[in-house]
1. Please determine, in degrees from 0 to 90 and to the nearest 10, the orientation of helix A:614-636 with respect to the longest principal axis defined by the Cα atoms of chain A, where the helix direction is its Cα long axis.
2. Treat every Asp and Glu Cβ in chain A as -1 and every Lys and Arg Cβ as +1, leave all other atoms uncharged, and give the resulting dipole magnitude about the Cα centre to the nearest 20 debye.
3. Sort A:34, A:573 by Cβ crowding within 10 Å, fewest neighbours at the top.
4. Do you know the relative contact order of chain A, to the nearest whole percent, from alpha carbon pairs under 8 angstrom that are 6+ apart?
5. Aspartates and glutamates near residue A:646 by alpha-carbon distance under 20 Å, same-chain residues fewer than 8 away left out - which ones?
6. So between residue A:23 and residue A:493, what do we pick up on full extension, going 0.36 nm a residue minus the alpha carbon distance?
7. Pull out the extension gain between residue A:455 and residue A:353, defined as 0.36 nm times the separation in residues minus the alpha carbon to alpha carbon distance; nm, one decimal.
8. In terms of the Cα gyration tensor, with a ≥ b ≥ c the square roots of its eigenvalues, is the stretch B:35-185 rounded because a/c is under 1.5, prolate because a/b exceeds b/c, or oblate?
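Nothing in this text is a laboratory measurement; each read-out follows from the coordinates by a stated rule. Model, not experiment: these values are computed from the prediction. Using ideal geometry, Cβ is built from the backbone for each residue, glycine included, and neighbour counts are taken over all protein chains shown.
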Amino acid sequence: MKRNLLVAAAIAALAFAVERSFRLEDDPIRSLVMADPVAAALFDRYQERSPFRGRIFVESDGLSPAEQARLSEILARAGYREVPFLAAPDPARLLDLASQLPAGTVDRLAGEEALRARVAEILAVAALPGGGEALRQLEVDPLGVGPALLERFLGAGRGGEGGGAPPRVYESPRPLVYAEVEKVEEALAALSPRVHYIGADFFAVENYRAVRRDVLLCSTLTLLLTLGLFVWFTRRWVLLWLLGVGSLVSYLAGVLAIRVFYAEIFAVVLVYTSTFVSFNTESLVHLSGIEEGRRARTLVGIWSAIGTTLLGMAVMLLGRSVLLRQMSIASIAGLLSFLVFLVPYRRTVDGIRFRTVPLPGWTAPRWLPAALCGASAAGLLLVGPPRVETRIDAFRYQSAALGREVDHFSRRLDAASLGDVVAVPATGSPSEALRPLAAEGLLAWDDHPLARFQDPAAQEATLAALRARWDGARSLLAQITESEGVRLELPGSPPGRRLGEWEYLELLGEVGPLRWSDEAGGRRFVHAGLRRVPPDLAGRGLVPLGPRTHYDALLTDLSRQLGWLFLAGFAAMVAYLAWIQRDAVRILYVFAPVLAVALGFAAWSRLTGTPLTIVHFMGFSLVIAIAVDYTAVAVSTDHGEVELSKILLTGLSAVATFGVLMLARHPILRSLGATVVAGAVPSLAFALLVRLRRAPGEAA
Amino acid sequence: MIAVAAIAAVILAAAADPAPLTPEALRARHAGARSLTAEVVQVKEGRYWARPLTSHVRLRWTPGRVEWETLDPVPSTVVIEGDRVQVVSGGNARDLGAQARDPRFAALVRFLRALAAFDLPALEGDFVLAWGPREVVATPRPGSSLSLVRKVRLVFGDDLEVRRIELESPSETTRLEFQRVERVR
C-alpha cells in the first residue's frame, strides 16, 4: 500500500512537471536545420525577406463579388487580416535604380502627353477621401520613374508573381487557433478549384489533425491488442497493471527528458511514445518469472536484449535531426524509467508465471548462422548500396486537396523560375558566376534580374536623357498642377546614378520581395532560379534556398548520416554482444536474421527503384534494437520453452504495436511501422523456429 | 391624471428616442443592401492644396464595386472593383496597374471598399473602433498598412444612415457631407 502510494506520488509529480513545461510543435518540418552555418544563414535570410512567412495566400479571382465578400468575412472572423503582397518600397531607394530604365522609356515618360496623363490619374486618385497623399508621388517622382521601374522588374511574369494576378495575402493570427484555421481551410476547399490557397497554417493544422487521430487510434489499438495478448499468456492482471502504470511513467519521463534539452516537443514524437508499450513489454516479460535453475543464462539474454535496445536508440542521439534526437531521448528515458519503476515490484515480478506454448522447431547445424551471415553479406555486396534520398513529402502529412494546392503554387513559382532558387558562390561579378550554369541550360537566364541589367553605356544614355528632359518636364508639371489648385515642391535634379551589378542586385533585393545577393562566411553569393536541380548541388557549392530543394537536400543529407550511424550502432552492438556472450556462433546466430532482412531491404530498394529514406534508417535502428532481442534471448537461454513463449509474447506485442502505426495518417509513422514490422517478423520467426545445436561437450 | 400624463410623456419620449448606435444595429441597418447611391459634397484641405478644394461627388456602391464620380471641379471617375482600380478622366479609361498594387494605396482602396459597404468585420480588421452615441471613431490598428489614414470619424443620423465622414491623413483632412442617400435592398 505504502509502495503504491509512493509510486502514485511520483507519477503525480512527473505529470505536474510535464503539464507545466509542455509545449507542442505540430509541423515536423520546423525540426530541420542545415548543419553548415553558411548554408543555414543564407537560407534563413532568404526566407526572412520572403513574403511567404506568417501568411496565407489565396487566389480568388474566379469568385463573384458576393462569394469574395463571404470568403473575406470567414477569413476576418478567423483572425486573418488582408495585407499587401509587397511591402511599400522606399521611394528614394527605388529611384536609385533609375539608370536601369532604357533611355527610350525616359523620353516617353518626359513627353507632354505622358505627363498630362500622369497628373490626371494622380488627381483622380487624390480626389478620393484620404487620397491627397497620392500627390506626394508627383513631388518625389515627377516623371513616374518609380512605377516604370516596378513594371520593368516586378511586372507580370517577373520577379515573384509568376504570371497572372498576384494572390491576396492574409496575415496569420497569433497564436494560431486550429479550430478557426480548420474552418478557413474547409471554406477554401469547398471553393476549389476556383480558389487556390497555400500557407504554413494549413500544413500545421493538417498535421495536428493527423497526429490527433493517430494518437487516439494507435494508443487505443495498442492497448487493446496488448491487453488481449497478456490475458491469453498470463491471465494475471498484475502484469497488465505494471505494464500500464509503468508505461505511463515511461511516457512522462520521456517527455520530461526531451524538455530538459528542447523547449518544444514535436507532436509526432508524442505519437511515437505509444511504442514504449512494446519496449516495456519486452523488459517486463523477460524479467518476470525467471526460473531459478536458468537464472544466469536468462540474465545474459536479458542484458543482451536491453543493452542492444539502448545502443540502437543511442545512435540516433548522434544524428543532427532534432526529431530523431527527441525520439531517442524519449526512448532511452522511457526504458530506463520503466526499469527503475519495476524495482519496488521485483518480488511481484519474480512470482509471475507464463503460459508456455509448444512451438515446432528445427535444430540447425552450428555452421548455419555463419553461412547465413556470409551469404547475406555477399548478397549485400552484390546488390550494392541502395539510393538514399528523402523528400519533404515523406516527412509531413498533407491531404490530397492540400497536395493539389502545393502543385498549383509550385507550377506558378516554376513558371517564374522561383521554384528552385539557389545561392551561387561568386568570386568575380555575379554574371560571371552564373554564366557556367546558363551555358549548361540549368539557369533560366531570361527570368534573372541580371538579364535586365543595363551595361555602363546604356546607363549613361539613360542618365543623359534624364538630365536633358528634366527641367522642361518639371516646368510643364508645375504649370499643370498649379492650374488645378495643387502646390508641389518639385526636385531640382533628376534621380539615378551609375550602378555595378552587385549594387544593382542589392537595391533590387531591398525594393522587391526577394533577395538576389548575399554575403555569408566571408563569401559573396548571387541567387538564381534553376530550371532543374543538378544531382551534385553540394559538389558545385550551390546552396538551395527554395524550401522544397532546401529541405529535400537537408533530409537526404540527414538520411545518409543516419545510415552511417546505423552501421556504427550495428558495430557497437556486435562489440557489446561479443563481450557479454563470448561465443562467436551465438553472436552470428543473433545477427543472422537481421543481416538477411538488411539484404531483403537492399534488394527491394534496388529492384523497385525506391530510395531509402530517413524514416527507413530510423526503422532499421529500431529493428536491430528489437529484433536482436529475440535471437539474443533465445540463444542465451538455449531455446528454453518458457523463454520462447516469452519471445512469442513480446514479438507479437512489438508487431502489434508497430503494425498499428501502419494505420496512421502521418507518413513518418506509417513508414516507420511498415519498416519495423517487415524487419521484426523474420527475426521473430527465426528466433522461435531455428534452434542452435549445442557445441560438443556443452552442458545442457 | 398627472400620473397618466407623466407615464404618457415617458412613453412618448421613449418612442421618440432614436435607435442606439451599436455594431448590431448598424449591421442590421445595412444587411441585405444591394446598392447605395449618394450625393456627396467633399471638402479637402491640406499641404498640397493651394486653397480648400470643394468637389461634388456621386458615390455608387454595389457588392464588390464602388464608383467615385467627381462631377466638379475636375470631372473624373474612379472605379474600384475587387482589387482592380480604373480611372476615367478626360475621356480616357486606364487601369492603375502597378500603382494599385502599391501597398499604401491598396490599403486605402480596401478601406474605401469596406466603408462604402459598411463591412464592419473588414473595418475592424484594420481599425480600432470607438463607439459614441451617434458616431464611430476609427483609428488604424498598430502595424496597419493604412498609413494614408490617421483617424476617421463617422457621424450617423437617427435613422443610422451616415451623414458625415471626417477623415484625417498625414497631409490633409477630408470632410464628406452625405446628401440624398438611397439604399436598395
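1. Its long axis makes an angle of about 10 degrees.
2. Roughly 3400 debye for chain A.
3. Sorted ascending by nearby Cβ count, the order is A:34, A:573.
4. Details: 1061 pairs, mean separation 172.7, N = 700.
It rounds to 25 percent for chain A.
5. Within the straight-line cut-off, residue A:646 pairs with A:282, A:291, A:292, A:350, A:629, A:638.
6. Numbers: separation 470, 0.36 × 470 = 169.20 nm, distance 5.79 nm.
Stretched out fully, the residue A:23 to residue A:493 stretch lengthens by 163.4 nm.
7. Roughly 27.9 nm would be gained on extension.
8. Values: a/c = 1.27, a/b = 1.16, b/c = 1.09.
Since a/c stays below 1.5, the shape of the stretch B:35-185 is classed as rounded.
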